[in-house]
Amino acid sequence: METFRKRNGKWQAILRTTVSIKFGFYMRPSAKFPYLEHDGVLAFAHRGGDRRAPENTIAAFADAAAQGYRYLETDVHVSRDGEVFAFHDDSLLRMTGEDIAISTLDAVDIETIKVVGDHAIPRMENLLEAFPECCFNIDAKAWPVVEPLADLIRGLGVDARVSIVAFSDARILKICQLVGRPICHSLGPREVARFRLAAWLGMNAYFSAGCVQLPVDVKGVDLITQASVAYAHKLGLQVHAWTINDESTMHNLIDMGVDGIMTDDCALLKSVLVERNMWA
């Protein structure tokens, strides 16, 4: 009986994917940037995913890469002396127990601090070098990191391997301007609001971004629907959903035609995509 359920579930997943493709629910727009060129759904390991190692550490990203993930999501702050580090919070408190703002420390001091045991806080440069086959979705958490991050991207020549996101349209725009070459980026909060208004009014609109990255809903208001995904595709935008750790929601989003999913549960998302013949 258990074998039957597994086989039945597999065929249901294949049927759902086939129907989505046949009737146009899964029609990905042409990628605006090389970063977005990928077969199947873009699977993002959120801060490294799975939590078998502390978030945003070399060990976490290595685990995701070992599972076959090629898109890694991370966050960046800058040290007092201008070095870019992969770290989410403004303060070290949650991850290290020390209530110190990361931006007040020099790089040499940050490198002596351990995260949840013996894991170091990695420099963004080291992550890019350690995982040359991977692309990074980089959330610029504060204004001081803008110029050092742009310098790093430009200096390493990794334009095609990074996409910029921030809870600030101005930060995103400034990084793109400083890099000085076309670089993938997502819509900021104001542009998301403009996107939603244009979708509601059924208006044509232009966005320079390559994607819109959204949670499924906010305070009970659905942000990702089949209609909004179709509208984004009409405008040439990919839709990436964050942060999804529930199997049924993953299936529903794929049925709607989303182009990417960010997760903390890398094994689960991979199993869903493999089941639907969409893992690439």
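The table for this structure:
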item: Label-point gap, in nm, between Asp81 and Leu197 - each point 7 angstrom along Cα→Cβ; result: 4.6
item: Spin-label model distance (nm) - Thr243 vs Gln226, 7 Å beyond Cα toward Cβ; result: 3.0
item: [x] 37; [y] 51; [z] 30, with the label sought being that of the calculated percent of Cα pairs over 28 Å apart; result: [x]
item: Long-range HN-HN contacts of Ile244 with modeled amide H, under 5 Å; result: Met262, Thr263, Asp264
item: Coil-residue trypsin sites (Lys or Arg not before Pro) of the stretch 78-177, DSSP, other Cβ within 10 Å capped at 15; result: Arg80
item: ³J(HN,Hα) computed for each position of the stretch 157-166 - Karplus, 6.51 cos²θ - 1.76 cosθ + 1.60, integer Hz, glycine/proline x; result: x, 9, 3, 7, 9, 10, 10, 9, 9, 6
item: Placed amide H near Arg47: partners under 5 Å, 5+ positions off or other chain; result: Glu73, Thr74
item: For Leu156, net neighbour charge (Lys/Arg +1, Asp/Glu -1) across residues whose Cβ lies under 12 Å away; result: -1
item: Asn204/Asn277 FRET efficiency (R0 25 Å; Cβ-Cβ; nearest 0.05); result: 0.15
item: Ala31-Leu156 pseudo-label distance in nm [points 7 Å out on the Cα-to-Cβ vector]; result: 1.8
item: Karplus (6.51, -1.76, 1.60) ³J(HN,Hα), θ = phi - 60°, over the stretch 99-111, in Hz, Gly and Pro reported as x; result: 7, 10, 6, 4, 6, 8, 10, 6, 4, 4, 6, 4, 5
item: Gain upon complete extension [Phe167, Thr104; 0.36 nm per residue less C-alpha separation]; result: 20.5 nm
item: For His185, distant residues with modelled amide H under 5 Å away; result: Ile164, Gly210, Cys211
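Each value in this text was obtained by applying a stated rule to the coordinates, not by laboratory testing. These numbers were taken from a predicted model, which means no experiment stands behind them. Positions of Cβ are backbone-derived with ideal geometry, glycine not excepted, and every protein chain shown enters the neighbour counts.
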